[in-house]
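The values are calculated or read from the model by the stated rules, or taken from the named source; none is laboratory data. The structure presented is a predicted model; accordingly, all values stated were derived computationally and were not measured. No Cβ is skipped: glycine too gets one built from the backbone with ideal geometry, and neighbour counts run over all protein chains shown. When the accessible area is computed, the model is the full protein with side chains, heavy atoms only, and any ligands, DNA or RNA have been set aside. Shrake-Rupley method; radii C 1.70, N 1.55, O 1.52, S 1.80 Å.
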Amino acid sequence: MSSSSPTTEPSSVTSLLNPHSPLNGHDSTDQPQPPPPRDPENQPQDDAVPGDKRKREENDDDDPKPSVVPPLWKTSLCSYFRRESASCSHGSGCRYAHGEAELRPRPDNTWDPTSERAKKQKLEEEEGDQCASPDNVMMTEAVDDDDDGDGNGDGDVGGLDPELSKCLVHLPRNWKSEKLKDFLSEKGVQFKSAKKKKGMTLGFVSFQSVEQLQTAVKELDGISIGNKNIKVADVIPRSFEKKTKSAMALPQNPPKTTEVELDGENVEDSVVANGAEDGNATSGRSARKVVTPLAHMPYGDQLEHKKNSLMQILKRLTRNARKACPDGIPLPEWILKSREIGGLPCSLEGILASPVVNGYRNKCEFSVGYSLQGKITVGFMLGNFREGVTAVEEPFDCPNVSRISCKYASIFQEFLQHSSLPVWNRFKNIGFWRQLTVREGRRPGMASDAENCEANIAEVMLIVQVSSTGFDDAQITSDFERLAQVFSAGATASSPSLPLTALVIQDHQGISNAAPADAPLRSLSLSKGEGSSEMQATDNVVEAKIHDYISNLRFCISPTAFFQVNTLAAEKLYSLAGDWAELGPDTLLFDVCCGTGTIGLTLAHHVGMVIGIEMNASAVSDARRNAEINGITNCRFVSAKAEDVMRSLLEEYINAPQKQENNVIEGIDEVVATDEEKPISTDNKPNPEENSSHELESGKTASEGLETDKQELRSQLQSSCTSENGNAPVKRFSNVVAIVDPPRSGLHPTVIKALRTHPGLRKLVYISCNPESLVANAIELCTPSPEKIEKNKNNRAWRNMSSAGLARHRAKSMPASEPFRPVKAMAVDLFPHTIHCELVMLLQR
């Protein structure tokens, strides 16, 4: 965008002579005003920035208010009014409100968050949520640890009497059972037992008499802990008696008595809040509403809703970048120009619709658990475990799930009714069956509706996640063989028959179902007819692949490799990224977080060279295979963390040839050595369990593992420093472009620093599935460097910062370098019926 000329804004010339001109965002008033403290919670949602007054355009009319009221007129409080409680020098012509009476609602029917109306509305919503939350407690797994010492495993709460038990809601998440017991004792509450798991907001308390219960309710209900008020809910146990009959033959209203089997296995009790009886608690919550919350809206309205949400998120980039700008350094031009486009950092050019709206997902992950009716269910959880929700509901009403995926979930659910191995218990972290993942591969060609899209599904891979620790190998083998038979028979018996290409078992011991990429995998052979299936003798999953097509290229997909879930919409996404990158034969394209190489391979014929970086080794193997399958020879893929090799690769392909090898090898040592200096991030917290299990499996110390990783990176990059004959240096490119498609947590700070500080990289296309992460990364990429670098200290307060706050803090230590500037952005809807979409932003310098 071109800068405004002095003729169109006479006040801009005067401001240069005024010592109180808005050089760094402060008001120009008759008397000098000290800058107010900046509160991140009190920033307006539109282009009104505290302390930065827009210049009033000259108007020949007597009435300073324009004849046609702009949509944002008087929708934000004046910054001067907020500080001084008086009208500013602009008077009635100010486009901001000078009081609650003048304030107008915004186009999205919200109020300025700094206004009393917005604060009151927020308070009412929080109180409403607190009152409603006990009805949303949908626990289907009991806390039945054997703490009473009788050896029967009933525990204090597992055998609870519903008449003498209560559920406490809104407890601190970091509390455990001992802390809850201490709290009850401090309040003088007598009880029989108390149970709470860390990470959840609810606990269970049982009493010895009705008098104890009534006294406790009077004492505890409504008591304040922090900023929350405790709510007391009733506890209703349900029998989870194991069924030998088919799941389809289960009665609609199972018996409500609590029973315990005496075969050595505890019968799990479901615990739900008062109002959950007969399924009433699910009247306001279902899998359809949880998974696809926008499904009730016409698709055009969904797109408009997402666009408006993205505009509000992008405005945070402008506000936070303004805050992050160092003192004494003029604001970047794109920040000053943002006031002309409603506070946006760049123009949002719209949102591209998905070619397929229903049944578009080619990957679905179904949890294994219990429904509120006590039935083993394969589907989607109805909420967050931390909020006390573990109930699972079948996926049939979710419009984004294909018929084939639903059918395989039903087949697996039927199998679990007869399995001798238990399903996973999220409360006690024990059990065997955990999750089913269905991955679909489509034939080439376009599909304009869900039916044609499903007709194009040619391959299906099933990944069953289990936790085998503590179970007999012979029993596991027997169930696996029967599982393969059930899936094969179910696929054949369906009308029309279902494709089934591979069946893989993933063994994961962690608490969450989110398994690491290196979790053990083994494939099961599928029977071709009525014969038996046999499990492969080795953990060989080379044949466990499916294929899909993007832009007429064939892609091989392994069990854990990333691949966009909406294939047809992904074609639009990659085409847009390629157009904005302005690629050419002399272009070197960096595909950061490349997965199976989809972006780089689809754009390879437009560029001279593609360098893909991906930490998932199996995905890199797929990317290399995909290049061979499609006859693409100008692509190279590196299996490593981007933060470990990004700087070295940039030096390799951009700097002088004689320095390339030294830069590559030395860069490895330097980058790996900085791991100890990484700032604390709230987005990526280490999993102690995963780290310890990895160390036990490898049998190596931390230092040995670090040295091994460095040696592997050296060998990879040394091989990439030369061509196939091993002698000729790599080609140099005059135009270097990076396309990044990071996970939801965003780019690692080291990657951001490498992209920002290398002067040869002039253009960056950022593809984000989480706009919040894009905003945080763009703050570091687009904020001017400070004159004096501040060294980041290991401050524990960082743990409580938002991602944008952390980015502002890290920007203070950014080495001197030319910042990028946001040029334009566009959304691509890869996830119809949900609140999510992909956002593409072009950054340039």
- Query: For ASP586 and ILE430 in the same chain, what is the full-extension length gain: residue separation times 0.36 nm, less their Cα-Cα distance, in nm?
  - Reply: 50.6 nm
- Note on the structure: For region 468-479, Karplus-derived ³J(HN,Hα) couplings (6.51, -1.76, 1.60; θ = phi - 60°; whole Hz; x for glycine and proline) come out as 8, 4, x, 10, 5, 4, 5, 5, 5, 4, 4, 5
- Descending principal axes extents, region 339-459, alpha-carbon based, whole Å: 62, 40, 21
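Would you please put 648-654, 513-519, 105-111, 377-383 in order of how densely packed they are, using the mean number of other Cβ atoms within 10 angstrom per residue and starting with the highest?
Result, highest mean first: 377-383, 648-654, 513-519, 105-111.
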- Contour minus Cα-Cα distance for ASN552 and GLU349 (0.36 nm per residue): 70.3 nm
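Above 23 Å lies some portion of the pair distances; for region 285-389, what is it as a whole percent of all C-alpha pairs?
Values: 3018 of 5460 pairs.
Result: 55 percent of Cα pairs exceed 23 Å.
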- Message: So if each residue of separation counts as 0.36 nm, and I subtract the Cα-Cα distance between PHE396 and ARG443, what length gain in nm does that give?
- Response: 14.5 nm
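Using a 1.4 Å probe and counting only protein heavy atoms, arrange GLU818, GLU116 so the residue with the most accessible area comes first. The partial results should precede the final answer.
Values: GLU818 90, GLU116 115 Å².
Result, largest first: GLU116, GLU818.
Can you tell me the FRET efficiency between THR469 and LYS289 if r is taken as the Cβ-Cβ distance and R0 is 56 Å, rounded to the nearest 0.05?
Numbers: r = 35 Å, r/R0 = 0.63.
Taking R0 as 56 Å, the efficiency between THR469 and LYS289 is 0.95.
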- Karplus 3J(HN,Hα) series, Hz, for region 321-336 with 6.51 cos²θ - 1.76 cosθ + 1.60 (x for Gly, Pro): 5, 4, 5, 6, 4, x, 5, x, 10, x, 5, x, 4, 5, 6, 5
